[in-house]
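Here the structure is laid out as structure tokens; the discussion comes afterwards.
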Amino acid sequence: MTNGNTAKQKTKPARVPKKPGDHGWQSHKSSTTRELIFKSTVQCIVEYGYANTTTTRIAEKAGLSRGATLHHFSSHMDIIRASVEYLHQKRLKAFRKAVENLPEGGNRVRMAAESYRNHVMHPLFVAFFELSVAARSDTELAAVLRPAQEAFDNALYETTMELFPEWKQDPQALELAMDLSQKLMEGMLICDLTHSQNFDREALLDFLEASLRSLLPQN
């Protein structure tokens, strides 16, 4: 017989299980927001220059509050540092895609040169160029930018070697060919950015193509 005064057992409320996708969704949302901040930072650098790319302006471009932006990054330099890495990865991906799609037949030397010219004209490179100029007098920015540029140059060298395996016979000639291509194309970009466009692009490309062919080892 049960004692009527016996205290009733307290029942714990049932624990509501978390939805399987809750954590993943939060992680995806955070990743998406961070990428939005990166894109907005690059856009601000292109449109306003590095000096005018403030945290407030980045937040406005991203459609976020300044507080929401700083929730993901503790300082302006943290945003720049992460955005430089994002910019670096995007540049590499865009360049690889351009050269990997070159057809087997045809004038591959000219097409490769034009692919790099298109790469240099892209807003991603304009942003990197703007950062490079600013880094001349900003040691903190230079420390962030230098490793990214070195990594890009190494990847560019490896990609070019894959595209033209005959250059393995003469790596010094390849380095000269790459220096000539980069400096010429980037010089053309500077002329565009400074409105000094009074030059013959096609003549310069013809000269570059002839120079590259002269450096290309003959089988």
So, counting K/R as plus one and D/E as minus one, what does the shell of residues with Cβ under 12 Å around Leu163 add up to? -2
Where Met111, Met188 fall by accessible area, highest first, once all protein chains stay in place (1.4 Å): Met111, Met188
Kyte-Doolittle mean at least -1.0 and Cα axial length at least 20 Å: DSSP H helices in the chain: 22-48, 76-100, 139-163, 171-193, 201-215
Over the range 48-156, what number does the Rg to Rh ratio reach, with both radii from the alpha-carbon atoms and Rh per Kirkwood? 1.06
Only helical DSSP H runs with n ≥ 4 go in: add -39500 (n - 2.57) per run for the chain, normalise by residue count and round the 222 nm mean residue ellipticity to 500 deg cm²/dmol. -24000 deg cm²/dmol
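Once R0 is set to 35 Å, what does the formula 1/(1 + (r/R0)^6) return for the Cβ-Cβ distance between Arg110 and Ser74, expressed as a FRET efficiency to the nearest 0.05?
E(calc), rounded to 0.05, equals 0.15.
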Explain nothing, just the number: relative contact order of the chain, from Cα pairs under 8 Å at least 6 residues apart, as a whole percent. 19 percent
Total formal charge among the other residues, if their Cβ is under 12 angstrom from that of Val126, Lys/Arg +1 and Asp/Glu -1: -3
Local charge sum around Ala82 (other residues, Cβ-Cβ under 11 Å, Lys/Arg +1, Asp/Glu -1)? -1
Looking only at Ala113, Ala59, Ala68, which one moves most when the chain is put into a Gaussian network model with springs between Cα atoms under 10 Å? Ala68
Listed values (1) 21.7, 65; (2) 26.4, 107; (3) 18.9, 61, entry calculated as Rg and Dmax of the Cα atoms in Å: (2)
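Please list Lys90, Lys39 from largest to smallest accessible area, probe radius 1.4 Å, with all protein chains kept in place.
Heavy-atom accessible area, descending, gives Lys39, Lys90.
The values are calculated or read from the model by the stated rules, or taken from the named source; none is laboratory data. Remember, it's a predicted structure, so these values are computed and weren't measured experimentally. A quick note on method: Cβ atoms are made from the backbone with ideal geometry, for glycine too, and the neighbour counts reach across all protein chains shown. Ligands, DNA and RNA are stripped out before the accessible areas are found, and what is left, the full protein with its side chains, is counted by its heavy atoms. Shrake-Rupley method; radii C 1.70, N 1.55, O 1.52, S 1.80 Å.
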